[in-house]
Amino acid sequence: MNVTTILKYSIGPFGAAFLGMLSLPLLTWIIPQKDIGIFSLYNLFVGFSLIICSLGLDQSYIRDYHSSSDRSKLLINCFIPGTVVLMVFFILVSCLYKFLFPVEIDFGMLLVIFVGVTSTYFYRYITLFLRLDNKPVSYSISQLIPKLFFIMLVIALYYSLNTSLEFKDLIILSAASLLLSLVYFFHKTIHYWKGSKVDALSKIEFIKLAKYGLPLAFSGLVYWALTAVDRFFIAKLASLEELALYSVAMSISSAAMILKTLFQTLWAPTVYNWVHQKRDLSKVDSINSIISFLVIVGFCIMGLLSEFVNYFIPSNYHSVYVLAIACVGFPLFLTLAEATGIGINVTKRTYLNFYSAFISLLLNILMNYLLIPTYGAKGAAASTLVSFWLYFIFKTFYSRIYWRKFPVFKIYLFSTLCMTLSLLSLFYMQVENELLKLIWLMFLILSLYCYRKTIQTLYQFILYKKVL
């Protein structure tokens, strides 16, 4: 895969991350605060439903796509079981929905939710078709279209009604945007479905695919819980208004996910290629140091400039900038964990990812339970920050044990300092604003000095691409 192709594939994830970061702050102006909190729970429910219903067979489809001699049979054996589970799942939810959701909804709204979940499930396979068949431009567009449709529909409805929207409106528009995207891309990918017959279902084939996919689905469920449990605790132990504040802060901080996307798109395949070619892996240490430096810069930028967020959101959200300083730890520590923990995937010991996520999840649950009743959204932000720092620590530890030793002292030290400063800012920034900004500035200067060789390496890479 050449650089041009990689960049084409990157447009979609980058654009989707940007639009995702933009959408919630935009909604703060036209949606009541409580309703934004409810809508964030809806998005979590859709993500949970996709993991449950796919059974991890989408991952089996990815693994076997290029080696399969009968791709139609492969598709049927991956897609149909998930569809059956989707039907059963909806029946269960329809019996229990009055107990599952924090607000009262009628059966008609439940049907809309089901349309959203079903569209998401179908759309997952459509994007896989485009990705696996090497159609980078179409794949990138498929990542952007649902979010673009959603933003356009929200703005159009708001101006046509000339009044605030409710969470039910958001759920309907979200489902509609996914359905429109599905219709748009279905005719472009219809040839993948042609020739796929239900009688191609095979119990033996399904068992083989499930043996690979189900453990991944279970790991995905644990990771989902790690990223979602804080919101459920806020809704239960605090309020939906606090959940809205936290969700907007997470949305703003998600800009840092671009760094993770860049790493996964460009760097991870390079490492796998180096391992395959048995090349000098000391260059991996340089990249780890670069990623660590960029993570530090990300923390410092948020610590110094997060207050500017207040210019773009209503006054009742002005505490978001403090939350964002801690919330940014989720994507940044996740990126760092992917870099330093890449040895787990290289050695194919992916169960260690599950262990790391599960241990971090237990800590997250405990901290949320203890902190949210007193501190609300701040308690959730602190819990998520510390949990993902621990996730990074464990993945790095396992990678060094089972793959190769690499320098970690400076990475551990500065990541811990980032976490500590973020926690101090979270709880004291509104009281000691100027002092904490001065500390962040001094920390940035210290980091620039301690990482001066890394900066030189990064400069050479940008100009001459000497690292790669």
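The values are calculated or read from the model by the stated rules, or taken from the named source; none is laboratory data. Computed from a predicted model, the values in this text were never measured in an experiment. When we count neighbours, we look across all protein chains shown, and the Cβ atoms used for this are built from the backbone with ideal geometry, even at glycine. Ligands, DNA and RNA are excluded from the accessible area calculation, which covers all protein heavy atoms including side chains. Shrake-Rupley method; radii C 1.70, N 1.55, O 1.52, S 1.80 Å.
A few points about this structure:
- In the chain, taking the dipole from charged Cβ atoms about the Cα centre, the farthest positive-side position among Ser383, Phe330, Ile36 is held by Phe330.
- Protein-only accessible surface order, largest first, of Val85, Val431 at 1.4 Å: Val431, Val85
- Centre-to-centre separation between the Cα atoms of segment 56-123 and those of segment 216-244: 20 Å.
- A full extension of the chain between Thr374 and Tyr449 corresponds to an added length of 23.1 nm, given 0.36 nm per residue minus the alpha carbon distance.
- Theoretical ellipticity at 222 nm over the chain - DSSP helices of four or more residues, -39500 (n - 2.57) apiece, nearest 500: -27500 deg cm²/dmol
- Exposed loop sites were defined as chymotrypsin sites (Phe, Trp or Tyr not before Pro) in DSSP loop states (anything but H, G, I, E or B) carrying at most 14 other C-beta atoms within 10 Å; in the chain the longest segment without such a site runs 30-311.
- Here the label points at Arg404 and Ile301, each 7 Å from Cα along the C-beta direction, are separated by 3.0 nm in the simple model.
- As a fraction of the 1.4 Å probe accessible area of segment 266-327, surface on carbon and sulfur atoms comes out at 64 percent.
- Remark: segment 78-135 carries 47 Å² of accessible area per residue (probe radius 1.4 Å; ligands, DNA and RNA excluded).
- Rg and Dmax of segment 354-468, Cα atoms only, in Å: 17.5, 53
- Prolate/oblate/rounded call for segment 168-310, Cα gyration tensor, a/c under 1.5 rounded: oblate
- Cα-based shape type of segment 18-79, given that a ≥ b ≥ c are square roots of the gyration tensor eigenvalues and the cut on a/c is 1.5: prolate
- Prolate/oblate/rounded label for the chain (Cα gyration tensor, a/c 1.5): oblate
- Pairwise FRET efficiency - Phe461 versus Leu435, Cβ, R0 = 30 Å, nearest 0.05: 0.25
- Remark: the Ser94-Arg63 segment gains 7.8 nm on full extension, using 0.36 nm per residue and subtracting the alpha carbon distance.
- Rounded percent of accessible protein surface that carbon and sulfur make up, segment 358-463, 1.4 Å probe: 72 percent
- Label-to-label distance, nm, for residues given as Lys211 and Leu111 (7 Å Cα→Cβ offset): 4.3 nm
- What segment 337-468 shows is 51 Å² of accessible area per residue, with the surface traced by a 1.4 Å probe over protein heavy atoms.
- The Ile359 and Thr416 beta-carbon pair, evaluated with R₀ = 25 Å, returns a calculated FRET efficiency of approximately 0.90.
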